[in-house]
Each structure stands twice: as structure tokens, then as C-alpha cells.
Amino acid sequence: MSTSDKPQKVSIGFHGGHVLAARGGAAELTKLRGALGGNGWHELTAEDGTVVLDLGRVDYVLVDHEEHRVGF
């Protein structure tokens, strides 16, 4: 499996301070990025299920691209 095929950790922040953490594939994250700024609902298929997001309440999306390292 190439690096681009591996699910990536994503944190989605909402109005009010709530954060949803999930792991999704590159294609799903690309679709989410394309939907941001819109209104309505968006389905994100993650490793452990499907999440339906209210796009009007999303404040930010943080995608972790770093590989985990041991040490400083």
C-alpha cells in the first residue's frame, strides 16, 4: 500500500468547540475539501463508519500528514 492510499488522521472542528477525529482515505478527504464552504450535509466514509457532517457548522479540518516518530 502506498503512502497516498493509507488512511489519514483527520480532525474536524465545529462551531462551539467540538472536534470529531476520524481516519479516512485520500479520495474521501479530497471530496470533503471540495465540499467545504458549502451548506447542507456531506457524507464522509471513514475507517470505522460513515459520518454525516453539517457543512455550515464546520470551522476547520486538520489532516495529519506526519509519520509517527519515536524520540524528539
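Could you tell me which residue of segment 16-44 is nearest to His65 (Cα to Cα), considering only residues that are at pLDDT below 95 and in contact with a helix residue (DSSP H, G or I) (Cβ under 6 Å, 6 or more places away or on another chain)?
So the residue we want is Ala26.
Residue check: is Val61 in contact with a Phe, Trp or Tyr (Cβ under 6 Å, 6 or more places away or on another chain) and at negative phi?
Spelling it out, it is not the case that Val61 is in contact with a Phe, Trp or Tyr (Cβ under 6 Å, 6 or more places away or on another chain) and at negative phi.
Can you pull out the residues in segment 34-64 that are surrounded by 12 or more Cβ atoms within 10 Å (Cβ to Cβ) and of a type in the set (D, E, K, R)?
Within segment 34-64, Glu43, Asp54, Arg57, Asp59, Asp64 meet the criteria.
Cβ-Cβ under 7 Å, sequence separation 6+ or interchain: first residue in segment 45-72 and at pLDDT 95 or above and among the acidic types (Asp, Glu), partner surrounded by 10 or more Cβ atoms within 10 Å (Cβ to Cβ) and assigned to a loop (DSSP other than H, G, I, E, B). Which pairs?
Asp59/His15
The values are calculated or read from the model by the stated rules, or taken from the named source; none is laboratory data. What you see is a predicted model, and the numbers here were worked out from it, not measured in a lab. All Cβ positions, glycine included, derive from the backbone under ideal geometry; neighbour counts span all protein chains shown.
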